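Shown next, in structure tokens, is the structure this report addresses.
The values are calculated or read from the model by the stated rules, or taken from the named source; none is laboratory data. Worth saying up front: this structure is predicted, and the values here are computed from it rather than measured. Here the Cβ is made from the backbone with ideal geometry for all residues, glycine too, and neighbour counts use every protein chain on show.
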Amino acid sequence: MAIGVANSKSPTCFLVKAKSGIKGPKDFIGKRIGVLAGTNTERIYQLMMKRAGIDRKRLKEIQVPFELQTFALGQYDVRPAFVYDEPVSLEQQGISYEMIDPAQYDVKFTGTVYFTRREILEKKRPLAEALVKALTNGWAYTIANSDASLSDLLAAYPSLVRERERRSLQLALPYFAGENGKPLSASTDTWQAMISGLEEIGVIAPKAVRVEQVWEPSLVNNAYSH
């Protein structure tokens with residue numbers, strides 16, 4: 001069961017070079033499209049193409065590695081990415097890019113979640129509640145005190161580069177803010193939108209999964225009520 005949603009909106013995006021002329025899914029036709037097989041970005045890509053009415057036979061899909069250099073070198077035209085990761089790397093390399101947001105094409109997925117086994121909720125619920133409370137407090141503090149949070153991070157991991165982490169956090173904070181300004185929260189409608197999308201592309205069978213089977217919001221709700 002998911003007990004907290006780190007990103008109520010997926011940070012998945014698609015990157016193109018600034019002068020590529022690619023502005024949206026319809027411009028993918030005839031282009032080389034990078035695919036990270038088996039990841040959430042692939043599912044989002046599949047649904048975006050379907051809802052945009054794009055015949056994927058008209059695209060040249062290429063399985064790409066997680067490293068970014070192949071895109072920087074121009075080996076393909078569209079790169080799946082996370083808003084607060086690969087764009088920062090491109091900026092550091094001085095590569096101009098444009099970002100395509102799947103949400104603008106009616107694709108609504110959540111991102112990373114925190115989850116546990118049902119037996120933990122049954123037998124060790126206070127432990128799960130304490131975890132969720134700590135996480136909500138931690139994210140709320142980070143959002144309100146980003147500079148202090150960066151200092152804490154760099155103290156623990158001194159090999160990190162402050163300016164890169166600062167830019168990454170700047171881009172990431174809207175995705176970690178939670179729904180209605182409550183980190184780890186997500187509505188039933190948000191979950192249902194993702195389930196419906198997965199049904200539409202055949203990842204799960206219609207009506208095979210209900211929100212209440214995969215999402216337990218009571219721990220997050222309790223964290224904000226006490």
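Just one of 193, 223 is aliphatic (A, V, I, L, M), surrounded by 13 or more Cβ atoms within 10 Å (Cβ to Cβ) and closer than 15 Å to residue 114 by Cβ; which is it?
Just one listed residue meets the conditions, 223.
Among the listed residues 30, 34, 111, identify the single one that is part of a loop (DSSP other than H, G, I, E, B) and free of Cβ contacts under 8 Å to residues at least 60 places away in the same chain. Spell out the reasoning first.
Details: 34 fails: part of a loop (DSSP other than H, G, I, E, B); 111 fails: free of Cβ contacts under 8 Å to residues at least 60 places away in the same chain.
None of the other options fit; the residue is 30.
Is it the case that the stretch 156-165 has a residue that's within 22 Å of the chain's Cα centre (by Cα), within 17 Å of residue 7 (Cβ to Cβ) and at pLDDT 95 or above?
The answer is no, given that none of the residues of the stretch 156-165 is within 22 Å of the chain's Cα centre (by Cα), within 17 Å of residue 7 (Cβ to Cβ) and at pLDDT 95 or above.
If I ask for residues that are exposed (fewer than 13 other Cβ atoms within 10 Å of the Cβ) and either of a type in the set (A, V, I, L, M) or at positive phi (or both), which ones from the stretch 173-190 would you list? So that I can check it myself, show each step before the final result.
Taking the stretch 173-190 and keeping what is exposed (fewer than 13 other Cβ atoms within 10 Å of the Cβ), we get 180-181, 188-189.
Across the stretch 173-190, the qualifying residues are 180, 181.
Checking the structure you have, find out if any residue of the stretch 39-51 is over 25 Å from residue 166 (Cβ atoms) and part of a strand (DSSP E or B).
For the stretch 39-51, residues over 25 Å from residue 166 (Cβ atoms) and part of a strand (DSSP E or B): absent.
I'd like to know if the stretch 101-113 contains one or more residues that are over 30 Å from residue 199 (Cβ atoms) and small (Gly, Ala, Ser).
Pass one, the stretch 101-113, residues over 30 Å from residue 199 (Cβ atoms): none.
Scanning the stretch 101-113, I find no residue that is over 30 Å from residue 199 (Cβ atoms) and small (Gly, Ala, Ser), so the answer is no.
Just give me the residues in the stretch 127-169 being touching a residue at least 40 places away in the same chain (Cβ under 8 Å) and basic (Lys, Arg), in sequence order.
Those that are touching a residue at least 40 places away in the same chain (Cβ under 8 Å) and basic (Lys, Arg): 133, 164, 167.
Which condition number in (1) more than 23 Å from residue 29 (Cα to Cα); (2) at pLDDT 95 or above is the one that residue 67 fails?
All conditions are met except number (2).
Out of the stretch 56-69, which residues are in contact (Cβ under 8 Å) with a residue 12 or more places away in the chain and either more than 25 Å from residue 167 (Cβ to Cβ) or not in a loop (DSSP other than H, G, I, E, B) (or both)?
58, 59, 60, 61, 62, 63
Which number in (1) part of a helix (DSSP H, G or I); (2) touching a helix residue (DSSP H, G or I) at 6+ places or on another chain (Cβ under 9 Å) marks the one condition that residue 208 misses?
Evaluating residue 208 over (1) part of a helix (DSSP H, G or I); (2) touching a helix residue (DSSP H, G or I) at 6+ places or on another chain (Cβ under 9 Å) leaves (1) as the failure.
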